[in-house]
Amino acid sequence: MLNLPDHYIDLHPTVRDLLSSECQLYIGGQFVSAQSRKTFETIDPSTEQVLASVSEADATDVDRAVQAARQAFEGDWRHKMTPDDRSKLIWKLADLIDERAEILAQLDTLDTGKPYQTALTVDVPLSAEHFRYYAGFPTKIEGATIPVSTQGMFNYTIREPLGVCGLIVPWNYPLLMASWKIAPALAAGNCIILKPAEQTPLSALYLATLFEEAGFPPGVFNVINGYGRGAGAALVEHAGVNKIGFTGSVATAQTIIRSSADTLKRVSLELGGKSPNIVFADADLSNASVGATWAIFGNNGQSCTAGSRLYIERGIFDKVVQGMVDEVSNIKIGPGMTHEPYNLGPVISEVQMNKVLSYVDEGFQGGGEAVTGGKRMTDTGYFIEPTIIVNTTDDMRINREEIFGPVVCAMPFDDVNDILKRANDTDYGLAAGLWTTNLSRAHQFASKLQAGTIWINTWGNTDAASPFGGYKQSGHGREMGKEAIDLYTEVKSVWINIDG
Ligand code: ADP
């Protein structure tokens, strides 16, 4: 029996239905329980109450999904449907996502605790836009004719889909992270097995019903919920899976690379970050203070691009930090499913909350001091205060490891040359940013910062059209833009003897 607090917004009847019985796997166009009948619970991080019971896939279920996806790939999807048919289906899916935004947003809000309005106005529309952007691609995935230097030979290339793609996604933006991978994989003509994070299994299941409604053939899209070490690992090891697209932690990515070695399947990785955000004295300080605040506290710091290392030129250090403290004092935090206009919800789980708080404690033990925040907010629900820490050094773990929570260390700098070295002195390289009105400096830093995305006088922008991914341990490959099509296609070179 679903037990939600009275002050929650009314559940959409479809959401209520979905939560009131076992949330099954979606394989070959049908909702089915795990063969083992095992289930796990998904928890509302705002209340710590169970939201729903979810089928827990293991290797047997993954194998069923691979058979279904393989069958679909070898069937009409590959051989009868034209690129134009695929475009129309993907566009239709985007329309359905927009049309059912309320349902998808409620499901992501319940699972993550993020504000409903954020899910409704950001996560869901961005997901729809992602599908819309890639809906245009099927008719534009072209090969080339190559001017080879062998007499009498004609050479051309074809771009083909890879086959069955296992897409393993995290819990921070459940629908959006899934869309980043599903849309280009579909556009390229692949079939998909989606493995949502165990903390956020719900929206993917409703998305499956939209695939059906849009008219995709059964087996093109499958959903396998379960744990990483069960369903996730089985997907990575399965010989029938041609590619793994993964977003998550570095540790899991390393396991994936090791366990994909036997099959040598394609692997693309979008991993974490410890992104440096640099504020120069010539910046618009009011914009920089607000920007640096949301660079870290947006989505509660649970973004791989969170601006968690903040470097501020010494002369303006106090002013910028005070500006951030003022901005934080206006942030309203509470359960995302209420009518209150909260800006942030809880962090995703007890494990994550304890991990974040232990980094904070370690920072304090090393001499760090919180100018705001530093504690859990309530006894129930995984709410943490937005935390700004000063008096830390670059070598501390809190400044080297990804925390994935609402914690930023603000550090002063004196030397403009030195700050570039400090910013790049990290194992990661997902994003970096700077705040300056000096045009030459902006371009110099854009060129020299080692990161896949550079934000100048802004933070956090992404767009389906603009490539996204990491340097160093932040990943392999680029998602979004036309680059993502490369991640989901194989290039074939064809030689024809035209001399007879
Ligand atoms: P986090 O620590 O933030 O939860 P993870 O990298 O563990 O990040 O999780 C991201 C996704 O990877 C989730 O869907 C999770 O279930 C999955 N996952 C975790 N471990 C494995 C694994 N060994 N093999 C495949 N997938 C995994």
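For the chain, take the longest principal axis of its alpha carbons; what is the angle in degrees between that and the long axis of helix 83-99, to the nearest 10 within 0 to 90?
Roughly 40 degrees, rounded to the nearest 10.
Within the accessible area of the chain, what % is carbon and sulfur when the probe is 1.4 Å and the other protein chains stay in place?
Working: 9860 of 20200 Å².
Exposed carbon and sulfur together represent 49 percent of the surface.
Go ahead and run the numbers for FRET between HIS476 and THR378, Cβ-Cβ distance against an R0 of 45 Å, rounding to 0.05.
Details: r = 40 Å, r/R0 = 0.88.
So the FRET efficiency works out to roughly 0.70.
At q = 0.13, 0.14 Å⁻¹, what base-10 log of I(q)/I(0) does the Debye formula yield for region 276-463 when every alpha carbon is treated as an equal point scatterer in vacuo?
So the normalised log intensities work out to -0.62, -0.72.
Compute the distance from the alpha-carbon center of region 105-120 to that of region 14-92, in whole Å.
Centre-to-centre (Cα) distance: 20 Å.
Per-residue accessible area for HIS12 at 1.4 Å probe radius, Å² rounded to 10?
50 Å²
Based on the alpha-carbon set only, what is the convex hull volume of region 142-189 divided per residue, in Å³? Walk me through the numbers before you get to the answer.
Working: hull volume 4.9 nm³, N = 48.
For region 142-189, the hull spanned by Cα atoms encloses 103 Å³ per residue.
Determine, from the Cβ-Cβ distance of ASP415 and GLN71 and an R0 of 51 Å, the FRET efficiency 1/(1 + (r/R0)^6), rounded to the nearest 0.05. Please list the in-between numbers first.
Details: r = 62 Å, r/R0 = 1.21.
FRET efficiency, ASP415 to GLN71: 0.25.
Between their Cα atoms, which of LYS140/LYS448; LYS38/LYS88; LYS243/LYS482 are more than 27 Å away from each other?
LYS140/LYS448; LYS38/LYS88
How much FRET efficiency would the formula 1/(1 + (r/R0)^6) give for TYR156 and GLN30, where r is the Cβ-Cβ distance and R0 is 56 Å, rounded to 0.05?
0.85
Which value in nm describes the separation of the simple spin-label points at SER286 and SER21, placed 7 Å from the Cα toward the beta carbon?
Label at SER286, label at SER21, 5.7 nm between them.
Classify the chain: rounded, prolate or oblate, from the alpha-carbon gyration tensor (a ≥ b ≥ c, eigenvalue square roots; a/c under 1.5 rounded; otherwise prolate if a/b is larger than b/c)?
Values: a/c = 1.99, a/b = 1.26, b/c = 1.58.
Oblate, because a/c is 1.5 or more while a/b does not exceed b/c.
At a Cα cut-off below 17 Å, give the lysines reachable from LYS114, other chains included and same-chain residues fewer than 8 away excluded.
Result set, ordered by chain and number: LYS332.
If you average the C-alpha positions of region 166-237 and of region 337-363 separately, how far apart do those two centres end up, in angstrom?
Spelled out, the Cα-based centre of one part sits 26 Å from the other.
With N set to the residue count of region 107-261, report its C-alpha Rg divided by 2.2 N^0.38 Å to two decimal places.
Working: Rg = 17.9 Å, N = 155, 2.2 N^0.38 = 15.0 Å.
Normalised Cα radius of gyration, region 107-261: 1.20.
Rolling a 1.4 angstrom probe over the protein heavy atoms, how many square angstrom per residue are accessible across the chain?
On the way: 20200 Å² over 500 residues.
On a per-residue basis, 40 Å².
Measure nothing fancy, just the Cα-based angle from helix 174-187's long axis to the longest principal axis of the chain, in degrees from 0 to 90, nearest 10.
Here the helix axis deviates by roughly 30 degrees.
The values are calculated or read from the model by the stated rules, or taken from the named source; none is laboratory data. Keep in mind that this is a model prediction, so the values were computed, not measured. Every residue, glycine as well, gets a Cβ built from its backbone with ideal geometry; the counts of neighbours run over all protein chains shown. Each accessible area value is taken on the protein alone, full model and side chains, heavy atoms only, with ligands, DNA and RNA left out. Shrake-Rupley method; radii C 1.70, N 1.55, O 1.52, S 1.80 Å.
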